[in-house]
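Before anything else, here's the structure in question.
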């Protein structure tokens with residue numbers, strides 16, 4: 001069932017951040033936890049939640065109701081890249097299979113990317129520096145096409161109805177969860193203190209007076225020896 005556009009996505013984003021704070025220690029590394037869809041616009045839905053490592057996730061996606069193939073775009077908070085995933089129930093791909101994929105949004109220059117396949121999905125990312133260009137094309141184009149040059153999968157034609165609203169929601173989710181995740185982190189440690197700081201006093205102690213019987217300090221030359229009355233040799237001639 002498609003949710004209304006009047007639904008307030010930021011409330012659920014806040015709940016996702018709270019869930020992240022409470023359950024980050026309980027995430028299973030075996031599989032990604034389910035992600036919660038909280039907003040729909042046109043053919044697209046927005047989702048958020050946690051990944052297998054307990055980190056916050058924002059994303060958007062679209063599913064073909066006829067064969068359940070799906071394209072999703074997600075961002076792990078604290079990461080650098082937007083990750084794209086194309087999934088289809090009938091695919092059976094050996095792990096780590098390199099698969100080229102071509103995305104074309106409207107009549108813009110196609111994006112040729114190198115994906116990695118496993119099971120029933122393939123994953124790829126775009127250069128972070130190109131994210132703004134992709135967003136502009138994603139918001140403005142009426143549709144996009146995914147092509148798989150090395151296989152016999154027919155091209156996917158994907159509607160971009162609602163893409164402007166869903167892109168704005170995606171950006172807000174990334175901004176809000178980034179801010180909330182940073183607020184949950186402990187403050188950075190201050191400069192380390194010395195293990196044994198030198199003792200200090202609120203006054204200047206008087207100079208010490210040397211005892212008559214005290215040995216001379218190491219850097220003091222010993223006094224000259226007193227002359228003796230006899231010599232073991234022949235006394236020098238008198239002048």
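Identify, please: which residue in the range 70-87 is crowded, with 17+ Cβ neighbours inside 10 Å and over 19 Å from residue 138 (Cα atoms) and is, among those, farthest from the chain's Cα centre (by Cα)?
The qualifying residue farthest from the chain's Cα centre (by Cα) is 87.
Which count do you get for residues in the range 112-151 that are at pLDDT 95 or above, surrounded by 15 or more Cβ atoms within 10 Å (Cβ to Cβ) and touching a helix residue (DSSP H, G or I) at 6+ places or on another chain (Cβ under 9 Å)?
The qualifying residues number 5.
Is it true that residue 135 is within 16 Å of residue 61 (Cβ to Cβ), in a strand (DSSP E or B) and in contact (Cβ under 8 Å) with a residue 24 or more places away in the chain? Please lay out each step first, then the result.
Numbers: within 16 Å of residue 61 (Cβ to Cβ): yes; in a strand (DSSP E or B): no; in contact (Cβ under 8 Å) with a residue 24 or more places away in the chain: yes.
Judged against the criteria, residue 135 is not a match.
Being outside any strand (DSSP E or B) and at pLDDT 80 or above narrows it down to one residue among 154, 197, 188; which is it? Spell out how you get there, then give the answer.
Working: 197 fails: at pLDDT 80 or above; 188 fails: at pLDDT 80 or above.
The conditions single out 154.
Quick one: is residue 79 closer than 20 Å to residue 181 by Cα and either out of contact with any helix residue (DSSP H, G or I) (no Cβ under 9 Å at 6 or more places or on another chain) or part of a strand (DSSP E or B) (or both)? Quick ask: steps written out before the conclusion?
On the way: closer than 20 Å to residue 181 by Cα: yes; either out of contact with any helix residue (DSSP H, G or I) (no Cβ under 9 Å at 6 or more places or on another chain) or part of a strand (DSSP E or B) (or both): yes.
Yes: the conditions hold for residue 79.
Give the number of residues within the range 88-101 that are exposed (fewer than 15 other Cβ atoms within 10 Å of the Cβ) and not in a strand (DSSP E or B). Spell out the reasoning first.
Here is the first cut: in the range 88-101, the residues exposed (fewer than 15 other Cβ atoms within 10 Å of the Cβ) are 89-90, 92, 94-98.
From what is left, the residues that are not in a strand (DSSP E or B) are 89-90, 92.
Counting residues in the range 88-101 that are exposed (fewer than 15 other Cβ atoms within 10 Å of the Cβ) and not in a strand (DSSP E or B) gives 3.
The values are calculated or read from the model by the stated rules, or taken from the named source; none is laboratory data. As the structure is a prediction and not an experimental result, all values here were calculated from the model. All Cβ positions, even for glycine, are placed from backbone atoms using ideal geometry, and neighbour counts span all protein chains on display.
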